[in-house]
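Inspection log for the structure reproduced underneath, given as structure tokens.
Coordinate-derived values only; no laboratory data. Just so it is clear, the structure is predicted and the values come from calculations on it, not from any experiment. Quick reminder, even Gly has a Cβ in these numbers, built from the backbone with ideal geometry, and neighbours come from all protein chains shown.
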Amino acid sequence: MSSWLRLMPLTVVLVLSMSTSSQAFFLYPHPRRICTEVFHNDLVLTGKVLKETDHYDAEGSAETITYRVKVLTVFKGPQQEVFDINTGWNSGAQYLDVGKEYLLFAKLRRNPDDPLLNGYFIGGGDNNGLLSESAANIKQVSAVLKKHATSKTGSIRGRVYSFDKKDMSGIKFEAFSGKQRYQAESDAEGWFEFDVLPGIYRVEPQDKHGSIQVYDLSYDDPAKVEIKAGECAEVAFR
């Protein structure tokens, strides 16, 4: 089944969301940077979709889809010729077309209670995409992996989201891990970033009034951000 047909129900949901709460739609987090995608996933590859198989639960409801993907290049993960890549039947799914080539970031899941929820899974949006449209992202993947081999520090990037797109500059944040402490200040769009040594960090706004809260769609948990040399994390506040 073509990907646009699968996405029709999701499109309706998004249109309804915009009509009832445009602010909520505006605040959905930005696409993650490539560095974060590479190190938060277990498999990064380019490949061609050979086959699609739909799976159903005991009640006959669609649960997952498995795509058989012939590898072109593996940037991260096991070096093999073919992978089975899965996605769910839900609003966070990533639907692919048989015969087309893609750049994919997949996470390995293990669920002993449900065999259909085991294996490599991809989600919707972000940096998965058609190979013909992914040249810039592939270049970034290669650069990230090259830097990872030699870097001694990592990066925590964050953003404060605003309901009304107001100037968000000047908000101070602190990242701390034991005796290591780093400070950063947001720009007009709410972005801030720390260059830190490896460790497990807590990221907090220096906000006396408590008006800035953790965004529930933050990719990493600001209360526990693990950074290894050359790797990246992303947090979000609102």
Open item on the list: Rounded, prolate or oblate for region 124-238? Axes are the square roots of the Cα gyration tensor eigenvalues, ordered a ≥ b ≥ c, and the cut-off for rounded is a/c under 1.5.
Closed with: oblate
Open item on the list: Pairs of alpha-carbon atoms within less than 8 angstrom and 6+ residues apart define the contacts here; what relative contact order does region 31-147 have, in percent?
Closed with: 29
TODO: Quote the relative contact order of region 152-237 in percent (integer), defining contacts as alpha-carbon pairs under 8 Å separated by 6+ residues.
DONE: 38
TODO: Pairs to check: Lys51/Lys100; Lys76/Lys107; Lys147/Lys228; Lys139/Lys165. Give those whose C-alpha atoms are more than 22 Å from each other in this structure.
DONE: Lys139/Lys165
Task: Packing rank of 221-228, 142-149, where each peptide gets the mean count of other beta carbons within 10 Å, highest leading - done: 221-228, 142-149
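Could you tell me whether region 31-147 comes out rounded, prolate or oblate from its Cα gyration tensor? Rule is a ≥ b ≥ c as square roots of the eigenvalues, rounded for a/c under 1.5, then prolate if a/b exceeds b/c, otherwise oblate.
In terms of gyration-tensor shape, prolate.
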